[in-house]
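See structure below.
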Amino acid sequence: MNNRLADLRKVRGITQEELADELRVSRQTISSIENGRYNPSIVLALRIARFFGLTIEDIFIYDHKEGESNE
């Protein structure tokens with residue numbers, strides 16, 4: 001899953017640390033989400049979306065091909 005979190009955060013002019021504080025998570029969590037190493041829980045995804053005034057789908061881009069099996 002891809003996301004626009006880093007771009008949205010930079011447009012707001014806030015650091016990973018500031019966003020992490022607002023969302024009550026670690027800076028490492030924000031970094032991992034931005035780099036695609038971690039997919040947030042639905043609760044965290046909702047908190048992120050609310051913080052930016054967007055929908056989850058506006059921030060997180062699901063590539064349906066990633067989820068397909070070869071069966």
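Confirm whether residue 35 is out of contact with any helix residue (DSSP H, G or I) (no Cβ under 7 Å at 6 or more places or on another chain), of a type outside the set (Ser, Thr, Tyr) and in contact (Cβ under 8 Å) with a residue 24 or more places away in the chain. Spelling it out, it is not the case that residue 35 is out of contact with any helix residue (DSSP H, G or I) (no Cβ under 7 Å at 6 or more places or on another chain), of a type outside the set (Ser, Thr, Tyr) and in contact (Cβ under 8 Å) with a residue 24 or more places away in the chain. Pairs linking a residue in the range 1-24 that is closer than 16 Å to residue 44 by Cβ and surrounded by fewer than 17 Cβ atoms within 10 Å (Cβ to Cβ) to a residue that is aromatic (Phe, Trp, Tyr) and at pLDDT below 95, with Cβ atoms under 7 Å and 6 or more positions apart or on different chains, are 1/62.
Within the range 52-69, is there a residue that is part of a loop (DSSP other than H, G, I, E, B), of a type in the set (A, V, I, L, M) and modelled with pLDDT under 95? Checked against the condition, which is being part of a loop (DSSP other than H, G, I, E, B), of a type in the set (A, V, I, L, M) and modelled with pLDDT under 95, the range 52-69 yields no hits at all. Suppose the filter is loosely packed, with under 10 Cβ neighbours inside 10 Å and without any contact (Cβ under 8 Å) to a residue 60 or more places away in the chain; does residue 42 pass it? Against the criterion (loosely packed, with under 10 Cβ neighbours inside 10 Å and without any contact (Cβ under 8 Å) to a residue 60 or more places away in the chain), residue 42 qualifies. Taking the criterion of being of a type in the set (Gly, Ala, Ser) and assigned to a loop (DSSP other than H, G, I, E, B), the residues of the range 1-28 that qualify are 13, 26.
The values are calculated or read from the model by the stated rules, or taken from the named source; none is laboratory data. Please read all numbers here as calculations on a predicted model, not as lab measurements. A quick note on method: Cβ atoms are made from the backbone with ideal geometry, for glycine too, and the neighbour counts reach across all protein chains shown.
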